[in-house]
Amino acid sequence: MKIFGLEITRSKTKKRSFHAASGGNLYGSRRPSNTTADLNIKKDLKTVRARSRNLMVDDDYAKKFKAIVKRKVIGNKGTKLQNKAKDNNGELDKKANEQIEMAWNKWSKKGNCDVTGKYSLKDICHMIMGTLAEDGEVLIRKVKGFDNEFGFALQLIEADHLDEQYSDVDKNISMGIEFDQWNKPIAYHLHKSHPGDYANAQRDATRERIPADEIIHLFLPLRISATRGVPWMHSAMTRMKMVNGYEESELVASRAASSKGGFIVTKDGAEQYEGDD
């Protein structure tokens, strides 16, 4: 084709695409999905959570990871309150701040801040961070009017109480959580007893509807559409399990090899073996 006397040749355009979208055997093991995050979580959460807990018990790397999370986030001394209330002149009210901080420190002690009376606030914070890493989520109930000096205490609840299989379209309940029209949690439907407490014959299998303003649901969402959390080690769990098995096999093989022995036996009447020079 000529334009203004110049010969113009049309080159063939190369097809462009994302390599990550390619097919073939290289990507045969991948399971691409464009469903919501909750659909994937609902299907696998219970299994992934159970395997994560197993790793935290049996795998020293996983156990160390959990300890590091608690130490690095909360620290050995726990959290402290530094109140900065001001008076009418805009200056820090030193006396009021001291009283508030003293009351906070007293409430934070063992026997006051926890409904069981067994833990201090530092213990609770450590358990929260450890559970987040292990289970991917944790529920904290704010119990107002509790029978203590402060009329307030916290209750730690494992994620097992929030049944990921419980849904009701008519009531807009998904994975145990009731939402409003803007997808804001308005209530949590929790098992009154732990569903895994098979040894307790008196276990209460019913659910209790608790308003969302009484529940702190802590988790790191994987995607915008995620309403539940997953264990933090979920992407490394398969590799860790394989490495664990490999190390165990190597140790067993090495121990068996080191236990092997050999003997030189001479027949009756044979000359004594003196060895080579």
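The values are calculated or read from the model by the stated rules, or taken from the named source; none is laboratory data. Source: prediction; values computed, not measured. We place every Cβ from the backbone using ideal geometry, glycine too, and count neighbours over all the protein chains shown. In case anyone asks, the SASA skips ligands and DNA or RNA and just uses the protein heavy atoms, side chains included. Shrake-Rupley method; radii C 1.70, N 1.55, O 1.52, S 1.80 Å.
Shown are Phe263, Phe65, whose ranking by accessible area with a 1.4 Å probe and every protein chain present, most to least, is Phe263, Phe65. Dividing the C-alpha radius of gyration of region 130-202 by 2.2 N^0.38 Å, with N its residue count, gives 1.30. Taking the alpha carbon gyration tensor of region 46-192, what are the square roots of 5 times its eigenvalues, largest first, to the nearest whole Å? Square roots of five times the eigenvalues give 33, 24, 15 Å. Heavy-atom accessible surface of Val73, to the nearest 10 Å², is about 90 Å², with a 1.4 Å probe and all protein chains retained.
At the residue level, Ile216 shows approximately 60 square angstrom of accessible surface with a 1.4 angstrom probe and all protein chains present.
Which value in Å is the Kirkwood Rh of region 163-215 over different Cα pairs?
On the way: mean 1/r = 0.0842 Å⁻¹.
Taking the inverse mean of 1/r over all distinct Cα pairs, region 163-215 comes out at 11.9 Å.
Applying D = kT/(6 pi eta Rh) to the chain, where Rh is the Kirkwood radius over alpha-carbon pairs, T corresponds to 37 °C and eta to 0.692 mPa s, the Stokes-Einstein value obtained is 132 µm²/s.
Among Thr116, Thr266, Thr36, the largest mean-square fluctuation in a Gaussian network model of the chain (Cα springs under 10 Å) belongs to Thr266. Multiplying the residue separation of Val57 and Gln202 by 0.36 nm and subtracting their alpha-carbon distance yields 49.4 nm. Centre-to-centre, using Cα atoms only, region 206-277 and region 78-117 are separated by 47 Å.
Heavy-atom accessible area with a 1.4 Å probe sorts Lys110, Lys77, largest first, into Lys77, Lys110.
Of the whole protein surface, Leu190 contributes about 10 Å² of accessible area at a 1.4 Å probe radius.
Between Gln165 and Ala20, the C-beta separation translates, for a Förster distance of 41 Å, into a calculated FRET efficiency of about 0.80.
Across Asp170, Asp60, Asp114, the residue with the most accessible area heads the list, and the full order at a 1.4 Å probe is Asp170, Asp60, Asp114.
Taking the Kirkwood radius as Rh and the Cα radius of gyration as Rg, region 129-277 has a ratio of Rg/Rh equal to 1.43. Roughly speaking, to the nearest percent, how much of the chain's 1.4 Å accessible area is carbon and sulfur? Result for the chain: 52 percent of the exposed heavy-atom area is carbon or sulfur.
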